[in-house]
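J.: I am attaching a structure below and will ask some questions about it afterwards.
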Amino acid sequence: MTTVGLLYPGHSAEDDYPRLEVLLDSDIRLPIIHTDIGEDAHRVDALLKMGTPERFATGMEALRLEGAESVVWACTSGSFVLGWEGAHEQVRELAKAAGMPASSTSFGFVNAVRHLGMPRVAIAATYPADVTEYFAAFLEKSGAVVVSGRDAGILTAEEVGTWGREQVLELARSADHPDADVVLMPDTALHTVAHLADLEEALGKPVLTANQVTVWEGLRLADRRAWGDKLGRLFARPD
């Protein structure tokens, strides 16, 4: 049994994680500990307050009771807005408080892009333009090359959580570029797990989505490999 603890802000697309458990079809557990989202707004000032040590602290005992071997801050915008060094400091503090390896969805994207060996990326973001620019800058600090992007301009996670398959596919298509190796969909409030196979078929290339890379990153920290036939190139079995 491998248990990856997920600190997830508020309520939106957390049902992606039980779906991932089923599709991985193994002895992997993904307990979700909800943190206080504060103000539900994709605004930089609100996002800077979302992933503070004080908000993480309430989930530490729950993580231990779940027997977690690693923990991931399942929020992309609440980490990359801190910048490259700030996001590193955030996960260092989280690891210290939790007493286990820790990361965030932002670093999940960085490590997944490196794992695939596909540094030229397109960003398909639900965020407003200024928040999307923070993500692009974060990726570029990691060595990735952002060749295109699209921002949908949505302010709240609540609204993002209502999106269905066609809206997700349209956002991905609109952001794609012939020079992009991979398309990134960074919002953990967006339901994507059920659409991973459709996304990669429609675009003809790998697609990395927030809840997918969150789990992959947690498993990487726990030194656990896992495969899922419907979970995109990231979880594809090695040849």
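J.: Could you please let me know if Val213 is in contact (Cβ under 8 Å) with a residue 60 or more places away in the chain, touching a helix residue (DSSP H, G or I) at 6+ places or on another chain (Cβ under 7 Å) and among the aliphatic types (A, V, I, L, M)?
T.: Values: in contact (Cβ under 8 Å) with a residue 60 or more places away in the chain: yes; touching a helix residue (DSSP H, G or I) at 6+ places or on another chain (Cβ under 7 Å): yes; among the aliphatic types (A, V, I, L, M): yes.
The answer is yes for Val213.
J.: Filter segment 202-225 down to the residues that are open to solvent by 10 Å² or more (accessible area, probe 1.4 Å) and either of a type in the set (A, V, I, L, M) or within 19 Å of Leu169 (Cα to Cα) (or both) and list them by number. Steps first, please.
T.: Just the residues of segment 202-225 that are open to solvent by 10 Å² or more (accessible area, probe 1.4 Å), to begin with: 202-205, 216, 220-225.
Listed by number, the residues that qualify are Ala202, Leu203, Gly204, Lys205, Leu221, Ala222.
J.: Can you name the number of the only condition in (1) crowded, with 16+ Cβ neighbours inside 10 Å; (2) more than 24 Å from Asp27 (Cβ to Cβ); (3) modelled with pLDDT under 95 that Gly228 fails?
T.: (2)
J.: If you don't mind, there's one more thing I want to ask. Of Arg114, Arg92, which residue is under 16 Å from Val213 (Cα atoms) and out of contact with any Asp or Glu (no Cβ under 7 Å at 6 or more places or on another chain)?
T.: On the way: Arg92 fails: under 16 Å from Val213 (Cα atoms).
Arg114 is the lone residue from the list that is under 16 Å from Val213 (Cα atoms) and out of contact with any Asp or Glu (no Cβ under 7 Å at 6 or more places or on another chain).
J.: Out of all the residues in segment 147-158, is one or more of a type in the set (D, E, K, R), closer than 26 Å to Gly5 by Cα, modelled with pLDDT under 95 and part of a loop (DSSP other than H, G, I, E, B)? Let's see the steps before the verdict.
T.: Step one: of segment 147-158, the residues of a type in the set (D, E, K, R) are 150-151, 158.
So of that shortlist, the ones also closer than 26 Å to Gly5 by Cα come out as 158.
With the extra rule that they be modelled with pLDDT under 95, the set shrinks to 158.
Next, from what is left, pick out any that are part of a loop (DSSP other than H, G, I, E, B): none.
Taking every residue of segment 147-158 in turn, none turns out to be of a type in the set (D, E, K, R), closer than 26 Å to Gly5 by Cα, modelled with pLDDT under 95 and part of a loop (DSSP other than H, G, I, E, B).
J.: Out of everything in segment 159-180 that is in a helix (DSSP H, G or I) and among the acidic types (Asp, Glu), what residue ends up being farthest from His195 (Cα to Cα)?
T.: Narrowing segment 159-180 to residues in a helix (DSSP H, G or I): 159-160, 165-175.
Filter once more, so that each one left must be among the acidic types (Asp, Glu): 159, 166, 170.
Values: Glu159: 18, Glu166: 9, Glu170: 12 Å.
Among residues in segment 159-180 that are in a helix (DSSP H, G or I) and among the acidic types (Asp, Glu), the one farthest from His195 (Cα to Cα) is Glu159.
J.: Another question about this same structure. Can you confirm whether segment 34-44 contains a residue that is within 17 Å of the chain's Cα centre (by Cα), more than 17 Å from Glu159 (Cβ to Cβ) and at pLDDT 90 or above?
T.: Taking every residue of segment 34-44 in turn, at least one turns out to be within 17 Å of the chain's Cα centre (by Cα), more than 17 Å from Glu159 (Cβ to Cβ) and at pLDDT 90 or above.
J.: Please go through segment 81-92 and pick out each residue that is open to solvent by 10 Å² or more (accessible area, probe 1.4 Å) and in a helix (DSSP H, G or I).
T.: Those that are open to solvent by 10 Å² or more (accessible area, probe 1.4 Å) and in a helix (DSSP H, G or I): Gly83, Trp84, Glu85, Gly86, His88, Glu89, Gln90, Val91, Arg92.
J.: Pairs needed: first member in segment 173-198, of a type in the set (D, E, K, R); second member anywhere, open to solvent by less than 10 Å² (accessible area, probe 1.4 Å) and not in a strand (DSSP E or B); C-beta distance under 8 Å; at least 6 residues apart or different chains.
T.: Listed by first residue and then by second, the contacts come to Asp181/Pro206; Asp187/Thr76; Asp187/Ser77; Asp187/Thr126; Asp187/Tyr127; Asp187/Val160; Asp187/Ala210; Asp198/Leu169.
J.: Let me ask something else. Which condition does Thr58 not pass, out of (1) open to solvent by 40 Å² or more (accessible area, probe 1.4 Å); (2) in contact with a Lys or Arg (Cβ under 6 Å, 6 or more places away or on another chain), if it passes all the others?
T.: All conditions are met except number (2).
J.: Looking only at segment 93-126, how many residues end up being assigned to a loop (DSSP other than H, G, I, E, B), closer than 18 Å to Val146 by Cα, more than 14 Å from the chain's Cα centre (by Cα) and not hydrophobic (A, V, I, L, M, F, W, C)? Walk me through how you get there before you give the answer.
T.: Narrowing segment 93-126 to residues assigned to a loop (DSSP other than H, G, I, E, B): 99-101, 117-119, 126.
When the remaining residues are screened for being closer than 18 Å to Val146 by Cα, the result is 117-119, 126.
If we keep only those that are more than 14 Å from the chain's Cα centre (by Cα) too, we end up with 117-119.
Then keep just the ones that are not hydrophobic (A, V, I, L, M, F, W, C); that gives 117, 119.
Of the residues in segment 93-126, 2 are assigned to a loop (DSSP other than H, G, I, E, B), closer than 18 Å to Val146 by Cα, more than 14 Å from the chain's Cα centre (by Cα) and not hydrophobic (A, V, I, L, M, F, W, C).
J.: When you go through Thr132, Thr126, Thr105 one by one, which is the residue that is buried (at least 18 other Cβ atoms within 10 Å of the Cβ), over 22 Å from Leu234 (Cα atoms) and hydroxyl-bearing (Ser, Thr, Tyr)? Give the steps one after another, and end with the answer.
T.: Details: Thr126 fails: over 22 Å from Leu234 (Cα atoms); Thr105 fails: over 22 Å from Leu234 (Cα atoms).
So the residue among Thr132, Thr126, Thr105 that is buried (at least 18 other Cβ atoms within 10 Å of the Cβ), over 22 Å from Leu234 (Cα atoms) and hydroxyl-bearing (Ser, Thr, Tyr) is Thr132.
J.: At least 1 residues that are in contact with a Pro (Cβ under 8 Å, 6 or more places away or on another chain) and more than 30 Å from Leu231 (Cβ to Cβ) in each: list the helices (runs of 4 or more DSSP H) lying fully within segment 26-80 that qualify.
T.: Working: elements: 44-50, 53-57, 60-65, 77-80.
Hits in segment 26-80: none.
J.: Please specify each residue of segment 160-201 satisfying the condition of being surrounded by 15 or more Cβ atoms within 10 Å (Cβ to Cβ), more than 20 Å from Val113 (Cβ to Cβ) and over 18 Å from the mean Cα position of the chain (by Cα).
T.: Gln167, Glu170, Asp198
J.: For a quick check of your reading of the model, give me the residue pairs whose first member lies in segment 25-44 and is open to solvent by 20 Å² or more (accessible area, probe 1.4 Å), whose second is outside any loop (DSSP other than H, G, I, E, B) and acidic (Asp, Glu), with beta-carbon atoms closer than 6 Å and at least 6 apart or on different chains.
T.: Between residues of segment 25-44 that are open to solvent by 20 Å² or more (accessible area, probe 1.4 Å) and residues that are outside any loop (DSSP other than H, G, I, E, B) and acidic (Asp, Glu), the close pairs are Asp40/Glu158.
The values are calculated or read from the model by the stated rules, or taken from the named source; none is laboratory data. Everything numeric here is computed off the predicted structure, so don't read it as measured data. Positions of Cβ are generated from backbone atoms using ideal geometry, with glycine treated the same way; all protein chains shown enter the neighbour counts. Protein only, heavy atoms only, side chains kept; ligands, DNA and RNA dropped before computing areas. Shrake-Rupley method; radii C 1.70, N 1.55, O 1.52, S 1.80 Å.
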